[in-house]
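Written below as structure tokens is the structure these notes are about.
The values are calculated or read from the model by the stated rules, or taken from the named source; none is laboratory data. Computed from a predicted structure; not experimentally measured. Quick reminder, even Gly has a Cβ in these numbers, built from the backbone with ideal geometry, and neighbours come from all protein chains shown. We work out accessible area using only protein heavy atoms, side chains counted, and drop any ligands, DNA or RNA first. Shrake-Rupley method; radii C 1.70, N 1.55, O 1.52, S 1.80 Å.
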Amino acid sequence: MTVQHTGRRGLGFIGRWGILLLAAALLLAACGGGGGAGDAGGGNAGGSGGSSSGQADEIDVAVSLQYSEVMVFWDPSDSFSNEIMAMQNMYETLLHYDPLADDFKPVLATSWDRSEDGLTWTFHLRQGVKFHTGKEMTSADVKGSIERTIQRGQGASFIWDPLDRIETPDDYTVVFHLKYPAPLDLIVSAGYSAYIFDVDVADEEWFNAGNDAGTGPYTVESWTQGEQLVLTRFDDYWGGWNDPRQWDKVVFRIVPEAATRRQLMETGQGDFTYGLPPEMVEALRSNANLQVVETPSFQNLLGMLNTEKAPLDDVRVRKALAHAFPYQQVVDHVMQGTARPARGPIPYGMWGHGEDLPQPGYDLDEARRLLAEAGYPDGGFSLVLTYTAGDEVERRAAELYQVELASLGIDLEIRAMPWEQQWDLARSPDPQQRQDILLFYWWPDLVHPQSWLDALFKSQDEILFNLSYYSNPEYDALVERGVAEAGLDREQAAATFIEAQRLLLEDAAALFIFDQKYVRVTSNRLGGYADNPAYPHVVRWYETYNAAR
Amino acid sequence: MRAFIIRRLFLSAVAVLGVAVITFVVARLVPADPAARWVGPHATAEQIARARVELGLDQPLWRQLITHMAALAVGDWGRSIITHQPVIRDIAAHLPTSLVLVAAGTLLAVALGIPLGVVSAAARNRWPDHLSRALAIGLVSIPTFWLAMILQLWLGQGAGLLPIAGQVDTVLSLLSPVPRVTGALVVDSLLAGRFDVFRSALAHLVMPALTVAAYPLGLITRMVRSSMMEVLSEDYVRTARAYGVAERRILYRHALRNAMGPTLTVIALSLGYALTGTFLVEAVFAWPGLGRYAANAVIGGDFPAIVGVTVVVALAYVLLNLVVDLAQAALDPRVRYD
Amino acid sequence: MFRRLLRNPLSAFGLVVIALLVLLAVLAPVLAPYPEDAVGATVRPERQFEPPSGEFWFGTDDLGRDLFSRVLFGARISLVAGCMTIGLALLIGVPLGLAAGYAGGLVDEIIMRVTDIMLSFPPLLLAVALAAAFGPSLTNAVLATGLAWWPWYTRIIRSAAAGIRSREYVEAARAAGAGHATIMGRHILPNALPPVLVQASMDFGSVVLTTAALGFLGLGAQAPQPEWGLMVAIGRNYFLTHPWVVVFPGLGILITVMAFNFLGDGLREVLDPRLGRARR
């Protein structure tokens, strides 16, 4: 927590006092709060606190500014939302995945191997790992955690679909038997539904009371719904606390208004934030006290084309629409450069991304030619586009697109809807009632091309997320083959997935608009921060430190 | 008199019942599937089906209505789709903060509106009257959400006099949180003897309160003016004048006192309006109250929350009207009991 | 009466401004320098957020469109939407009030209790709840506001109708064998209507304000429609650095609503020199 830079080197006198006060307040809050889900407020930590001893000023507190509630779910089995940002610091998984290097880091497992047929995976666990409850982790917890998550069926628990059963030959060995070959290393390192927790205390009510039972470096200190979450370091963390500059506490403050978050960052009252509009980020770039960090993300913007409804049931019309989209304009003037024009659905930086895929470019003449070929030389039809209400990027992109389509004689009606209404319309029983174009973002539940190719475009009897209503047996077969190959040979699978994407582009099943870059604004004193798109928006606070110390 | 009270109470009860029915109808008009929203953006079909049963959406409509009314009565208002918390708890958490704003705004409006109205009435059709009338009309014509932004630009960003948004200085609230007693920070900070927090909270309150005050201020000024004029043309005032009673005394002793009845009604009305007005104001000022909660619910299609807020505000409105009517009946024997 | 309205400086001013607004709204396609921008047919993303200049009098918005043209066209939307809303409220409120006042008894009791229930919501609140349920569009916003507004007119017309019902000429008509419909339509309605129409014209400002508020909450007009409330809502994301995107559309609302309220105030003064109780 930077309590106002005083202009002197490092933390000036006032800053140190502020931190003393903060420490006193947080301690009191911890004593008074009782760890419940209630208010963070503890005793009335008056201004007289702050002892003169030199120990309290060792406390470093980082502040993350969030745009919405962090703890949507408290149960690690159910987690499927914002809480990933806190949970990845409270709980751990067997492995950790670095998608840009396509590499795994051992966390709760120290080593692992896979059988020749890809059906049996054996993980050797780290010894001497303690849960926040004080218990030592054994293979029974690993088995119990995963089985509980599957049994509850919430969150991203479907990623465990390939799993047949788990065996625990001894306290530190876990054997997974699969129904079919699958990349279990990716699954056990997933951001959702792969946490290991103390199964003895695991109970929904207990979690929802604001408790955690993980092995991670931080544990819950207090939570005030809609206001803040305070994590404090877990002294018995297996990785130890070796660097005195590591954060003792991390505060997640909920500040929905971008303008306020910007102000707080500018006045040194925050160390990390994201989700600022591009215009604001531009304004912050020149601030010497702040860093703007841009990294590729696995989130992209798609425009699903209704392949079942005339006139978009004609591939030539869809292709014309794809050529009419002002990709570069949207990247330059809506995203202000914080995005990358897409190449097919799989985002840049992820395995299965095809940099050479024939992505259609903005070309109105080509669009006109295709329309004429399809029998619409002057357009003359109207389309309905839906987007999620409140999303400025989608709105602006839609309005820019509307102008392009108008020049082709196509009338685009833009409808803003809350997501569930948008989704409901997209799944109306009568395909003719559905929208023609649907704008939405997609991101992976698992760093696996399957997250797009299977969920979004494989034939679905009951429509869930195949909102293009695309159905192509050849494509389905390719995706299935790729999924099977992924458990044995990822490179081979990637090649298959790229072939499948080629079909999507040939059939113009959707507009692949851009791969978003995540833009984070951090304070200068946040050292060691590195973004990992496999765990969106997560800061591994344990790996960062107070560089101003 | 007793008959009047009983009838008035009965009508209020009917209104409350009607509020419950109307909100149910509103909630059922929504084309979207609440279950889909409940489980989140990447849900599976089974998860949605399970949520539907959990939320009681598989029941017949009349049954849902009865369940809805019964649930409202016992305080089970469902869970917000956005926060996943019980709506009633969300409302309880956000209401005090809004009430502070509404109270501050209304106080401002009353404190300024009554003298303005008196001046206007006393100077009928002369320039002070025209000026205050123009001002009053201007105030009821300003879109509050726009006024909020103009104040932010002018007093906040331009003059740098006041904090642009929020309820209290973040550093201050983080350094040493004030224990929550009433939920209203200005009150809680005083209770805790935390004058630093109190000062900061007060500074943060000024712009939102001014914005909320604008509309009621216009209403009150107009009402005081018109009811004063009515009184001033009564025979007894003319008589008093004829007997040489000082004009000042006539204005404040006789006219204003008699004008207080209708003014009271308008103040109660304004309170109800101000409560709804917070929908438009709080989001702009990042004021963590019921209005911002409602605005977010509207944007996010969070119907349990929308229904909950609607019920609370409508109930408050019914209650206010009831209290005012009863008070007037008690104070002013001229009120007709029909 | 018209002359007396013009004698009152405030209402005269209101009338002049309204006339001007109507003129601007009608002539918007001719007067706007970039009429295409107003309807969202042109964009200049590379010129977004330009401050007011000789080229763009009110500056440009987030997509580089001329704000002046858009604000001008916004007048059309607000005036038309206002008329439709009031029309709808009258269409529902007048027949109900007429029926209640004429029939009396149980019919009266039921209609008036429903009216009371509707009036136990602050009007904006009910409009917001209904518009949220109907789904966001300008038409739905008009519908929602109209549905929240009619009870006021039912009340007025009912008391007028109840007063007229027992008048001699109505009795005479009834004695002559006129049907209920004839009596209501020919004898009661013409006499009960004027106070309602006056009230409706006084309400116009509030209705415009409500439509804009719905637009601001995202429950009204949809992009790229140049509706003032929506323009302010969108501008909210950018106004601290580019104030003009919010200032001008807001001024549009303010001036329109103020003009109608000036007129309404004058009307009240003229019709009731002693000043009857203002309802709201």
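Per residue, the accessible area of the stretch C:56-279 comes to 33 Å² when a 1.4 Å probe rolls over the protein heavy atoms. Inter-chain Cβ neighbour count for B:260-267, averaged per residue, equals 1 (cutoff 10 Å, partner chain atoms only). Taking max minus min of the alpha-carbon positions on each principal axis, the stretch C:56-279 gives extents of 71, 39, 26 Å, largest first.
Ignoring ligands, DNA and RNA, how much accessible area is buried between chains A and C, both sides summed, with a 1.4 Å probe, to the nearest 100 Å²? List each step's numbers first, then the result.
Working: alone 21840 and 13820 Å², together 33990 Å².
Summing both sides, the interface buries roughly 1700 Å².
Toward the positive end of the charge dipole of chain A, with +1 on the Cβ of Lys and Arg and -1 on the Cβ of Asp and Glu, the farthest Cα among A:360, A:534, A:505 is that of A:534. Computed in the context of the full set of protein chains, the accessible area of the protein assembly as shown at 1.4 Å probe radius has 59% of its extent on carbon or sulfur. Per-residue shielding of C:261-269, expressed as the average number of other chain Cβ atoms within 10 Å of the residue Cβ, stands at 3. In the full protein context, chain B carries 42 Å² of accessible surface per residue, based on a 1.4 Å probe and ignoring ligands, DNA and RNA.
Using helices alone, I'd like the mean residue ellipticity at 222 nm for the protein assembly as shown: each DSSP H run of four-plus residues gives -39500 (n - 2.57), total over residue count, nearest 500. Numbers along the way, then the final one.
Working: 39 runs with 594 residues, N = 1167.
Estimated from H runs of four or more residues: -16500 deg cm²/dmol.
Return the subset of A:179/A:458; A:105/A:517; A:130/A:517 for which the Cα-Cα distance in this structure is over 31 Å, preserving the input order.
On the way: A:179/A:458 21 Å; A:105/A:517 24 Å; A:130/A:517 37 Å.
Those over the limit are A:130/A:517.
Placing +1 on each Lys and Arg Cβ and -1 on each Asp and Glu Cβ, with no other charges, gives the protein assembly as shown a dipole about its Cα centre of roughly 7380 debye.
Give the calculated FRET efficiency between residue B:326 and residue C:30 to the nearest 0.05, with a Förster radius of 56 Å applied to their Cβ-Cβ distance. Walk me through the numbers before you get to the answer.
Details: r = 58 Å, r/R0 = 1.04.
With a Förster radius of 56 Å, E is 0.45.
Taking amide H positions as placed 1.01 Å from N in the peptide plane, with prolines and chain starts having none, which residues 5 or more places from residue A:172, or on another chain, fall under 5 Å of its amide H? Placed amide hydrogens put A:139 under 5 Å from residue A:172. Each of A:177, A:216, A:151 was placed along the dipole of the stretch A:138-234 (beta-carbon charges, centred on the mean Cα), and the one lying farthest toward the positive end is A:177. Of interest is the spacing of the C-alpha centroids, which for the stretch C:103-155 and the stretch A:239-301 amounts to 46 Å.
Contact order for the stretch C:56-279, expressed relative to its length and based on alpha carbon pairs under 8 Å spaced 6+ residues apart, stands at 25 percent. Interface between chains C and B: roughly 4800 Å² of accessible area buried, both sides summed (probe 1.4 Å, protein heavy atoms only). Place +1 on the Cβ of every Lys and Arg and -1 on the Cβ of every Asp and Glu in the stretch C:56-279, take the dipole about the Cα centre, and give the residue among C:163, C:144, C:239 whose Cα lies farthest towards its positive end. Value: C:163.
Between the helical axis of B:2-29 and the longest alpha-carbon principal axis of chain B there is an angle of about 40 degrees.
Over all residues in B:125-132, what is the mean tally of Cβ atoms on other chains that come within 10 Å of each residue's Cβ? Could you put the intermediate results ahead of the total?
Values: counts 3, 0, 1, 0, 0, 3, 0, 0.
Whole-number average of other-chain Cβ neighbours for B:125-132 is 1.
Our note on the geometry: Cα centres of the stretch B:211-247 and the stretch A:106-181, 80 Å apart. Panel note: contact residues of the stretch B:309-332 (accessible area lowered by at least 10 Å² against the chain on its own; 1.4 Å probe) correspond to B:310, B:313, B:314, B:317, B:318.
Just to confirm, what accessible area per residue do you get for the stretch A:419-528 at 1.4 Å probe, in whole Å²?
Details: 3510 Å² over 110 residues.
With the other protein chains kept in place, the stretch A:419-528 gives 32 Å² per residue.
Excluding ligands, DNA and RNA and using a 1.4 Å probe, chains B and A jointly bury around 3500 Å² of accessible surface, summed across both partners.
Among B:127-138, A:293-304, C:135-146, how do they line up from the highest to the lowest mean number of other beta-carbon atoms within 10 Å? List each step's numbers first, then the result.
On the way: B:127-138: 17.9, A:293-304: 20.7, C:135-146: 22.3.
So the order, starting with the most tightly packed, is C:135-146, A:293-304, B:127-138.
Measuring spread by the Cα atoms of the stretch A:448-495 yields a radius of gyration and Dmax of 11.0, 32 Å.
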